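The values are calculated or read from the model by the stated rules, or taken from the named source; none is laboratory data. Computed from a predicted structure; not experimentally measured. Here the Cβ is made from the backbone with ideal geometry for all residues, glycine too, and neighbour counts use every protein chain on show.
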Amino acid sequence: MSDAFLRNSFSPQEEARLSNLAAFDVHGLEGDNGLKAITDFASELCQVPIALVSIVEGHRQWFPVRTGLDATETPRETSFCAHTMRGWEIMVVPDATCDPRFSTNALVVGDPGIRFYAGAPLVSDDGVQIGALCVIDRKPREGLTAIQQQGLRVMADNIVGRLTQRRSQIRTSRELEEEAMRFRVLADAMPQMVWSTQPDGFHDYYNARWYEFTGMPVGSTDGEAWNGMFHPDDQERAWTAWRHSLETGDPYEIEYRLRNADGQYRWTLGRALPIRGKDGKVTRWFGTCTDIHDHKMTQAQREVIAQELSHRIKNIFSVVNGLISFSTRDRPELADAADDLRNRILALGRAHDFVRPHSDLSRPSSRPNSLSGMLTQLLAAYVERVTIEGEDITIDDHSATPLALSFHELGTNAAKYGALSVTDGTVVIRCSTEGDYTVLDWLERGGPIASAPSDAGFGSKLIELSVVRQMAGTIERCWDADGLNVRMKIPASAMLRRPRPIAVEQSAISG
């Protein structure tokens with residue numbers, strides 16, 4: 001091996017070339033049918049017995065495909081193609097015995113007895129010198145015809161294109177493998193169970209936490225086997241929700257009981273979101289399972305306590321009503337006042353039972369945080385003459401009490417003096433939102449001509465106390481020929497308190 005070759009072999013430039021060459025994974029090209037077809041055609045086109053694809057490596061030139069030659073490699077220092085790849089044009093050697101670069105070359109003085117050589121360089125667009133596509137004859141020739149040279153260039157460009165595409169695919173594959181590895185490391189570090197499915201819902205990935213929680217062997221819950229891990233009473237419900245998500249692309253969310261490694265069923269929150277391609281089609285689903293059993297049990301205990309407290313508060317209302325009746329039975333002059341007080345307490349009781357039912361039997365048919373539902377129950381005596389329009393505002397147990405008192409007073413006054421005191425009178429309650437405020441309009445129609453009272457009675461003061469002082473709202477009254485119009489404007493934050501965050505770990509990708 002020459003000193004010049006050794007110096008070139010271990011130069012920084014050569015080390016960089018060899019590093020870049022490795023990115024093409026050329027050893028996977030051994031016997032490639034597409035490349036073999038190119039060398040066969042090059043041999044026929046140039047009318048020579050030998051055609052090679054030569055890959056120039058550190059200490060050898062290697063022929064992944066060849067026509068007319070048995071050897072698969074030769075030493076680097078004997079390579080004609082190592083010279084060819086350093087240029088951009090076809091290198092032609094008419095007679096190697098007359099060329100001082102090659103006259104003593106072992107491939108010239110020995111087998112295969114090279115005389116004529118023509119090689120098209122294989123150089124990538126980014127300058128990586130790979131080798132050459134060459135044609136060889138054992139007798140001297142003047143050169144190649146124009147059409148032969150053009151054909152050799154076209155075939156060399158085709159080989160470079162194939163190699164570049166191969167490198168790109170290898171890089172993409174490696175990047176995907178690295179990304180998948182990073183995802184697995186991240187998923188295994190998460191406290192939740194993480195899973196993923198193909199677009200049709202076939203489960204093909206679970207993180208380590210899933211197998212740790214369930215105690216199942218790796219791979220045993222792939223496909224549709226996951227549903228067998230659920231409580232029998234939850235399986236059909238879970239299937240229905242999952243099929244709906246697969247058919248529509250809607251996010252998946254459901255609570256079910258999942259069997260753990262000890263054979264116990266624990267409440268779990270399952271969530272999943274679809275990943276979509278540029279065409280909008282689902283390419284994959286990613287989901288998580290979060291153990292919420294302890295929270296669920298605490299919630300159930302709180303519900304039992306809440307129902308017990310609600311039952312006792314209901315009893316207190318009854319006791320207070322009984323005390324009123326007992327205290328006024330010998331005072332007939334207080335009968336009207338006692339009736340009004342009892343009705344107010346009953347209104348409070350109905351409102352409380354609506355938002356905080358003390359049993360399943362007392363649970364309202366409408367949702368318990370519905371203002372429309374509470375007003376419907378509160379004003380049930382006038383159901384055919386009171387219409388509730390607009391939005392169904394959400395309330396809570398804090399806002400229910402002052403609202404119930406206010407609308408009870410309006411209803412009572414309307415029945416005594418306003419629209420509900422006559423046969424054809426009606427009331428419209430209109431609910432709406434304006435920015436951060438809830439607007440409630442009480443509109444009486446068809447009643448006696450309304451006029452402002454000379455002084456505010458107890459009922460008006462009670463409404464003022466409820467709306468303005470308790471709920472930080474405003475109230476406007478207008479008496480006109482059609483009847484009394486009342487507008488209450490209340491901060492939305494006073495209608496419904498913000499819930500405290502649940503202490504359950506959740507992830508951005510849920511399932």
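Report yes if some residue within region 5-19 is of a type in the set (A, V, I, L, M), under 29 Å from Arg174 (Cα atoms), modelled with pLDDT of 90 or more and in contact with a strand residue (DSSP E or B) (Cβ under 9 Å, 6 or more places away or on another chain); otherwise report no. For region 5-19, residues of a type in the set (A, V, I, L, M), under 29 Å from Arg174 (Cα atoms), modelled with pLDDT of 90 or more and in contact with a strand residue (DSSP E or B) (Cβ under 9 Å, 6 or more places away or on another chain): absent. Taken together, the criteria place Ala404 among residues that are under 29 Å from Leu496 (Cα atoms) and touching a His at 6+ places or on another chain (Cβ under 9 Å). Does any residue of region 93-101 turn out to be of a type in the set (Lys, Arg), touching a residue at least 12 places away in the same chain (Cβ under 8 Å) and exposed (fewer than 14 other Cβ atoms within 10 Å of the Cβ)? There is at least one residue in region 93-101 that is of a type in the set (Lys, Arg), touching a residue at least 12 places away in the same chain (Cβ under 8 Å) and exposed (fewer than 14 other Cβ atoms within 10 Å of the Cβ).
Here Arg174, Arg141, Arg167 are screened, and the one residue that is within 60 Å of the chain's Cα centre (by Cα) and surrounded by 15 or more Cβ atoms within 10 Å (Cβ to Cβ) is Arg167.
Beta carbons closer than 9 Å, at least 6 apart along the sequence or on distinct chains, never pair a first residue in region 238-253 that is outside the structural domain of Leu269 (by TED's automatic domain parsing) and modelled with pLDDT of 95 or more with a second that is buried (at least 18 other Cβ atoms within 10 Å of the Cβ) and part of a helix (DSSP H, G or I).
Residue-wise test of (1) outside the structural domain of Gly143 (by TED's automatic domain parsing); (2) in a helix (DSSP H, G or I); (3) among the β-branched types (Val, Ile, Thr); (4) surrounded by fewer than 16 Cβ atoms within 10 Å (Cβ to Cβ).
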position	(1), (2), (3), (4)
His27	no, yes, no, yes
Gly34	no, yes, no, yes
Ala37	no, yes, no, yes
Leu69	no, no, no, no
Gly87	no, no, no, yes
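Please verify whether region 289-302 includes one or more residues that are at pLDDT below 75 and either under 25 Å from the mean Cα position of the chain (by Cα) or among the charged types (D, E, K, R) (or both). Yes: region 289-302 contains one or more residues that are at pLDDT below 75 and either under 25 Å from the mean Cα position of the chain (by Cα) or among the charged types (D, E, K, R) (or both).
Scanning region 400-443 for residues that are of a type in the set (Phe, Trp, Tyr) and at pLDDT below 90 turns up Phe407, Tyr417. Checked against the criterion of being touching a His at 6+ places or on another chain (Cβ under 9 Å) and modelled with pLDDT under 65, the candidates Ser318, Ser310, Ser325 yield just one match: Ser310. Only one entry in Gly127, Gly131 is in the same structural domain as Glu30 (by TED's automatic domain parsing) and crowded, with 22+ Cβ neighbours inside 10 Å, namely Gly131. Picking from residues in region 42-53 that are assigned to a helix (DSSP H, G or I) and in contact with a helix residue (DSSP H, G or I) (Cβ under 7 Å, 6 or more places away or on another chain), the one that is surrounded by the most Cβ atoms within 10 Å (Cβ to Cβ) is Ala42.
One line per residue, one yes/no per condition, for (1) at pLDDT 95 or above; (2) part of a strand (DSSP E or B):
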site: Gly58; (1), (2): no, no
site: Trp62; (1), (2): no, yes
site: Gly127; (1), (2): no, no
site: Cys134; (1), (2): yes, yes
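For Gly277, the test of being closer than 23 Å to Ala180 by Cα, in contact with a strand residue (DSSP E or B) (Cβ under 9 Å, 6 or more places away or on another chain) and surrounded by fewer than 18 Cβ atoms within 10 Å (Cβ to Cβ) is passed. Does Thr376 satisfy being in contact with a strand residue (DSSP E or B) (Cβ under 8 Å, 6 or more places away or on another chain), assigned to a helix (DSSP H, G or I), in the same structural domain as Lys489 (by TED's automatic domain parsing) and modelled with pLDDT under 85? It is true that Thr376 is in contact with a strand residue (DSSP E or B) (Cβ under 8 Å, 6 or more places away or on another chain), assigned to a helix (DSSP H, G or I), in the same structural domain as Lys489 (by TED's automatic domain parsing) and modelled with pLDDT under 85. In region 386-399, the count of residues that are at pLDDT 85 or above, among the aliphatic types (A, V, I, L, M) and surrounded by fewer than 22 Cβ atoms within 10 Å (Cβ to Cβ) is one or more.
Looking across region 480-497 at every residue that is surrounded by 16 or more Cβ atoms within 10 Å (Cβ to Cβ) and over 44 Å from the mean Cα position of the chain (by Cα), the one that is modelled with the lowest pLDDT is identified as Gly483.
Please pick out the residue among Ala120, Ala146, Ala187 that is modelled with pLDDT of 90 or more and crowded, with 21+ Cβ neighbours inside 10 Å.
Working: Ala146 fails: crowded, with 21+ Cβ neighbours inside 10 Å; Ala187 fails: modelled with pLDDT of 90 or more.
Of Ala120, Ala146, Ala187, the one residue that is modelled with pLDDT of 90 or more and crowded, with 21+ Cβ neighbours inside 10 Å is Ala120.
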